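Derivation of every value follows stated rules applied to the coordinates shown; laboratory data play no part. Bear in mind the structure is a predicted one, so any value in this text is a computation, not a measurement. Quick reminder, even Gly has a Cβ in these numbers, built from the backbone with ideal geometry, and neighbours come from all protein chains shown.
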Amino acid sequence: MQVPFGDLKIHYQTYKHEFDQACLRVLASGHFILGPELETFEQKFAQFLKVQHVAGCASGTEAIYLALAACEVGQNDDVLVVAHTAVPTISAISMTGAKPVFVDIDPITCLMDVAQLESCITPQTKAIIPVHLYGQVVDMESVLKIAAKHNLFVIEDVAQATGATYRGAPAGTLGDFGAFSFYPSKNLGAFGDAGAISTNSQTNFERLIMLRNYGQSRRYYHDIIGINSRLDEIQAAILAAQMPFIEEWNKRRLEIAKRYTTGLKDLAQTPNMPGLTEHVYHLYVIQVDERDELQAYLAEHGIQCLIHYPIPAHLQKAYSYLGYKVGDLPVTERIAKRILSLPMFPELTDKQVDLVIETITDFYALRKSTQLQVPSKVVSPHTTVASKA
């Protein structure tokens, strides 16, 4: 039996009627950009988040960019963020002309180490982007206190945490903005690139909808400099069609995660969810010292695993101009060598999950057996060991 990391084909087949009807409805309407499907999705997603406003856009990267642009972040500004994230988070900062400043992470949660946050603030710091990685939420109470103290904007990167909560509040509703990605593999995914920004501010919302549409206040009247980042009608309709199922899918992810944790607790460092966070397990990530060997063994047995992420942003060639070097973010660098993402998607069966657990168990049993069979190197009492000069 093969176990894929994800399976979008089975996802489509399971909800084929809903998806097909949504697409056909848009095609029949002849209205493909900034129409009723977008308005419907924005309203439904705002209700789901319990937030005042949602503005759809073209991608999660541009969601972060638009939020930063709405805060007028640009040249000569610093933005605090983690290097342990998908590079698109950092790309959005670069698009504004601002400089990413990296904060190390907590070794257990792999999220921003908020205890180090304040020491990274400079006179040029203008915003903080807490990344809600893997489906869990950063300690937002601490982030917001620090931000208020230093008059900084807070833009939540919620790309991997749609439906997660912090102290009962949905991720993406705690800061000034929440930036969402609907890349196909996300907990709520489109059939292409798509994103959205949430805010409780009417002023911020009005600025966002201008920024995403060339800075227009009305057609051909450009009040500010904007870009083209519009969520098209087909993607909006596909997303709206999935809204009734998102909580069910997140519940299933939690069931899978619990099954993994029970089966692997003695073999690997499993996710440790802080008590204030409701984790939605976009990814189920373990930590092991033998990561590369384990991944290869699983692949040999038909189980696909990925690494999120093998090279931290501060060590990427594209960001070498920032001047970071190996050793600057020790926890981030150590974690990058130990993490492994196991198969995780709502349609994953218990039988498939159990096979992953059994295969990992077999890997460690074989490893232990092999180590026991290797004889210890014995030095003869008659052997003279020369010392090095």
Descending semi-axes in whole angstrom, ellipsoid equivalent of segment 44-166, from the Cα gyration tensor: 20, 18, 14
Classify the chain as rounded, prolate or oblate, taking a ≥ b ≥ c as the square roots of the eigenvalues of its Cα gyration tensor: rounded when a/c is under 1.5, otherwise prolate if a/b is larger than b/c and oblate if not. oblate
Mean-square fluctuation check for the chain, GNM, Cα pairs under 10 Å: which of Arg259, Arg25, Arg219 is largest? Arg219
Proximal aspartates and glutamates to Lys16, defined as alpha-carbon separation beneath 13 angstrom and excluding residues fewer than eight positions away on the same chain: none
Cross-link reach from Lys99 to lysines, straight Cα distance under 27 Å and at least 8 residues apart if same chain, gives Lys126, Lys145, Lys149, Lys317, Lys325, Lys337
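Percent relative contact order of the chain, based on C-alpha pairs within less than 8 angstrom and at least six residues apart? Show your work: numbers first, answer last.
Working: 745 pairs, mean separation 82.9, N = 389.
Computed value for the chain: 21 percent relative contact order.
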Nearest 10 degrees, 0 to 90: helix 202-211 Cα axis against the chain principal axis: 90 degrees
Heads up, segment 80-123 by the C-alpha gyration tensor (a ≥ b ≥ c square roots of eigenvalues; a/c under 1.5 rounded, else a/b over b/c prolate, else oblate) looks oblate
Between Gln21 and Val331, what is the label-to-label distance in nm when each label sits 7 Å out along the Cα-to-Cβ direction? 4.8 nm
Ile224-Arg167 FRET efficiency (beta carbon distance; Förster radius 45 Å; 0.05 resolution): 0.80
Ranked by GNM mean-square fluctuation in the chain (Cα springs under 10 Å), the top entry among Asp78, Asp362, Asp139 is Asp362
With angles folded into 0 to 90 degrees, how steeply does helix 36-49 sit against the dominant principal axis of the chain? Use alpha carbons for both and round to 10. 50 degrees
Fluctuation leader among Val73, Val280, Val26 - the chain, Gaussian network, Cα springs under 10 angstrom: Val26
Nearest-ten-degree value, helix 60-70 long axis tilted from longest Cα axis of the chain: 60 degrees
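Given the alpha-carbon gyration tensor of segment 246-370, what are the semi-axes of its equivalent ellipsoid in whole angstrom, ordered largest first, with each equal to the square root of 5 times an eigenvalue?
Details: eigenvalues 144, 83, 35 Å².
Semi-axes from the Cα gyration tensor: 27, 20, 13 Å.
Mind checking the full-extension length gain between Ala318 and Ile10? Use 0.36 nm per residue of separation minus the Cα-Cα distance, one decimal, nm. Write out the running numbers ahead of the final one.
Numbers: separation 308, 0.36 × 308 = 110.88 nm, distance 3.62 nm.
Separation in residues times 0.36 nm, less the Cα-Cα distance, equals 107.3 nm.
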Once you place label points 7 Å from the Cα toward the Cβ at Thr370 and Lys265, how far apart are they in nm? 2.9 nm
Set of aspartates and glutamates with alpha-carbon distance to Lys368 below 16 Å, sequence-local pairs under 8 removed: Asp266, Asp289, Glu290, Glu293, Glu358
